[in-house]
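One structure is given here, and the rest of the page talks about it.
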Amino acid sequence: MPADPVKRDAHPSQPPGAPVGRTVAAAPTAAAPPKIECRSLTKVFGARPERVVEFLAAGGTKEEAQARFGNAVGVYDVDLSVRAGETFVLMGLSGSGKSTLLRLLNLLHDPTAGEVLVDGVDLTSLARAELLRVRRTKFSGMVFQQFAILPHRSVLDNVRFGLEVQKLPLAEQRRRALEAIELVGLAGWEGSLPAQLSGGMQQRVGLARSLAMDADVLLMDEAFSALDPLIRREMQDELVELQARVNKTIVFVTHDLDEALKLGDRIAIMRSGRVVQLGGAEEIITAPADDYVEAFVAGVDRTGVLTARSIMQPVKATAHVGDGPHTALTKMRRFGLSGLLVIDRERRVQGYASSEAVIAQLGRAGSAPSAEAPEGAVPDRLPLAPALTVGLDTSLAELIAAAAGSSEPIAVVDEGRRLRGVVVKGAILAALASEPPPSAGSGKGAAGAA
Amino acid sequence: MLLDYRIPIASWVEKLVRSIQSAWAAGFDGFADIVRFVINGLLGGLQAVPPLVLLVVLAALVTWKAGWKLGLFTAVGLFLIHNIQLWTPFLQTLSLVVTAQVLIVVVGVPLGILAASSDAAERIMRPILDFMQTMPAFVYLIPAVMFFGIGLVPGVVATFIFSLPPLVRLVNLGIRQVPVDLVEAADAFGATRLQKLVKVQVPQALPTMMAGLNQSIMLNLSMVVIAGMIGARGLGAEVLRGIQRIQVGQGFEAGLAVVILAIVLDRLTAAFAMRRRDGSRAREDG
């Protein structure tokens, strides 16, 4: 469950450039230029890649190109921009080109065509010395799946590697390395060798090595995939927490959708070297762009990602506080409902009137017209029970808990307690069963993805 | 007839060798002078030390690097060599081996690194190395003698050619076997090519490189005996004399001395390679 539900907020009213879930002080304005920008980026491996690019441009597929020329197509014609301060996830199965795309960002792979812009500077145009300078100042190195720390160096010497390469004074290298070691919780292990550490701790060394660089962009390639599930979850949580403190621009590659949904502010799903969908976690889940993405999201644990907003349904009928019992019953009968949410003039939810309660009240009023109550006032007021209400960003997991003890519909309200929709048990089940919920929420998601 | 025509490989090679000889005469002479100076200097130095002192120093060095067992073996072996009056030939051979090995390392390591860093360089080098290693060792003696006359220098050159390939191969292999993500990490953190080589690739490749060093030393030793045929003094010359005079005992004694030297050098370099491989454990308490 996200600590900060607003982080997953994909509401269309949000300004397009605004980073979600960040502190206001660190938030750049909507007009801020992208941190990293790819323009028709293509990578074809092997000899004479130009002819393969021509073939692809003429409409050939990656598989045809492979069969015909023997060249592997890593990435083809990718345009995307990564905003400063966001966690951008590249996701796909193996061979989808996600790791290749990551390595194109700092030119570990030389692009066959296209441009990579970091802070507006096209890296492909730089001389080697300039490129090295960019790698040292704009990027915090990279965090690798198999850690890629040097077995013959101590933790401290591994962490200061990036600073040593820059030939910084030894005292500064040590100071910054020790800070980074502290930050990842490895204080006291500075003198240890990698072989003495567990996998999780080795990856902390890898992470510390990047953090010591203190540059804006952090590239992570399947960084947690080699760890066992418990440690992986722990590291994910820590990364989220760490990110809130250090506020880097993170590009994170993973094949694990749950991980992508947990970490990513935005997710790009890749297939055959192309980005097939780009959007927030909820968009990906609720409005998969094609069968591939749909198959991908089929197995995901939706409970932490889906929110009331995306599975709620429009309210068919409500009762107003001034409505009498007969009016309410008529509405219930007409719409086939077993109860009505009662709202006031501002659509604020006041309570819930079930058909049983209304009928019971009418029965009491009919049997003893004026004995207990003064001249017919009672039948005019609806019997109000407190309504179950949740916020727009309540997660599916919480909705399940709320719905478990009752058969009433759950009212979804916004910050002003105004009624926005209802969630019925059927919608929760449908969401769990990965059917696209037939609601306004999903429609909004689709609009956002387009 | 086509079948009657004989391709004159022999005369081509002779012409080539002669033209190289005349074109580079000064270069060869200068090189020969340097090699001779180094070998003689080394030999003079070793001979100046009293045998017992040298024995103790070498045994102590071996004990330090490879343990007391090999140290003891070294002491006993050297004592035996001195006892059977092969001390001077032993020192001559040692000088030759060391000089040739220094040359092999100085040339072989950079060539191996070059082969590792460029597929094209590797493709060019591979057949040449195959050729150098599989050509019968004796064949190198002829051009060596033509270029440098007889004596120690052609012995060093022939040894160099014969023993270079395994070092180049294994340096190349060792560097190519460094896990790709370590190399990528070095690049990602902005390391220059030299930094990547010195800080990442060489330390990782060191065990394999040491195995290459070990192999080339062994070939070096075997060639040193053959070099006795072209007048390189030392244990090889003693073995040869035993063969020529059909003195089995004398030949065996000289052979034994070579074996002792071979075992010590082999175990010593192997110990180095092992220590490097276990470097993590060795530094644990540090």
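Points worth noting:
- B:Leu114-B:Leu194 pseudo-label distance in nm [points 7 Å out on the Cα-to-Cβ vector]: 1.8
- Per-residue surface analysis assigns A:Ser407 an accessible area of about 110 Å², computed on protein heavy atoms at 1.4 Å probe radius.
- This model, with +1 at the C-beta of Lys and Arg and -1 at the C-beta of Asp and Glu, gives the range A:247-300 a dipole about its Cα centre of some 280 debye.
- The range B:27-118 shape via C-alpha gyration tensor axes, a/c threshold 1.5: oblate
- Its Cα gyration tensor gives the range B:203-248 an equivalent ellipsoid. The semi-axes, each the square root of 5 times an eigenvalue, are 33, 9, 6 Å from largest down.
- Surface composition of the protein assembly as shown: carbon plus sulfur atoms contribute 60% of the solvent-accessible area (1.4 Å probe, protein chains only, all chains present).
- The order of A:Tyr352, A:Tyr292 by accessible area, most exposed first and with a 1.4 Å probe, is A:Tyr292, A:Tyr352.
- Area of B:Leu16 that stays accessible when all protein chains are in place (1.4 Å probe, Å², to 10): 100
- For chain A, leaving out every one of the trypsin sites (Lys or Arg not before Pro) that falls in a DSSP loop and has at most 10 other Cβ atoms within 10 Å, the longest unbroken run is A:168-344.
- Chain A - mean residue ellipticity at 222 nm from DSSP helices (-39,500 (n - 2.57) per run, n ≥ 4, rounded to 500): -11000 deg cm²/dmol
- Contact order relative to length of chain B, as percent, for alpha carbon pairs under 8 angstrom and 6 or more apart: 21
- Size of charge dipole - chain B - debye, nearest 20, with Cβ of Lys, Arg +1 and Asp, Glu -1, no other charges: 200
- Selection among B:Met135, B:Gly77, B:Ala211 by position relative to the dipole of chain B gives B:Gly77 as farthest towards the positive end (Cβ unit charges, Cα centre).
- The range A:107-162 shape via C-alpha gyration tensor axes, a/c threshold 1.5: prolate
- Near A:Arg334: Cβ cut-off under 15 Å, other residues only, Lys/Arg at +1 and Asp/Glu at -1. The net charge is +2.
- Amide H contacts for A:Val315 (H built 1.01 Å from N in the peptide plane; partners 5 or more residues away or on another chain; cut-off under 5 Å): A:Val422.
- Remark: relative contact order (chain A) = 16 percent; criterion is Cα-Cα distance under 8 angstrom and separation of 6 or more residues.
- In chain B, the ratio of gyration radius to Kirkwood radius, Rg to Rh, stands at 1.02 when only Cα atoms are counted.
- In this structure B:Met146 has an accessible area near 60 Å², from a 1.4 Å probe over the protein heavy atoms.
- CD proxy at 222 nm, helix term only [per DSSP H run n ≥ 4: -39500 (n - 2.57); per residue of chain B; nearest 500]: -27500 deg cm²/dmol
- For the range A:285-341: rounded, prolate or oblate by the Cα gyration tensor [a/c cutoff 1.5]: prolate
- Computed on the range A:72-200, with alpha-carbon pairs under 8 angstrom and 6+ residues apart, the relative contact order is 17 percent.
- Computed over Cα pairs, the Kirkwood radius of the range A:60-217 leads via Stokes-Einstein (1.306 mPa s, 10 °C) to a diffusion coefficient of 91 µm² per second.
- Using a simple spin-label model with pseudo-atoms 7 Å out from Cα toward Cβ, A:Arg68 and A:Leu230 lie 5.3 nm apart.
- Charged-residue dipole, Cβ positions (Lys, Arg, Asp, Glu), the range A:112-211 about Cα centre, Debye nearest 20: 200
- Eligible lysines near A:Lys248 by straight Cα distance, threshold 30 Å, same-chain separation 8 or greater: A:Lys7, A:Lys35, A:Lys43, A:Lys98, A:Lys138, A:Lys167, A:Lys262, A:Lys444, B:Lys196, B:Lys199
- Where Rh is the Kirkwood radius over Cα pairs, Rg/Rh for chain A: 1.11
The values are calculated or read from the model by the stated rules, or taken from the named source; none is laboratory data. Only a predicted model underlies this, so the values are computations on that prediction, with no experimental measurement involved. For neighbour counting, all protein chains shown are included, and Cβ atoms are generated from backbone atoms with ideal geometry for every residue, glycine included. Note: accessible area is taken over every heavy atom of the protein model, side chains too, but ligands, DNA and RNA are not part of it. Shrake-Rupley method; radii C 1.70, N 1.55, O 1.52, S 1.80 Å.
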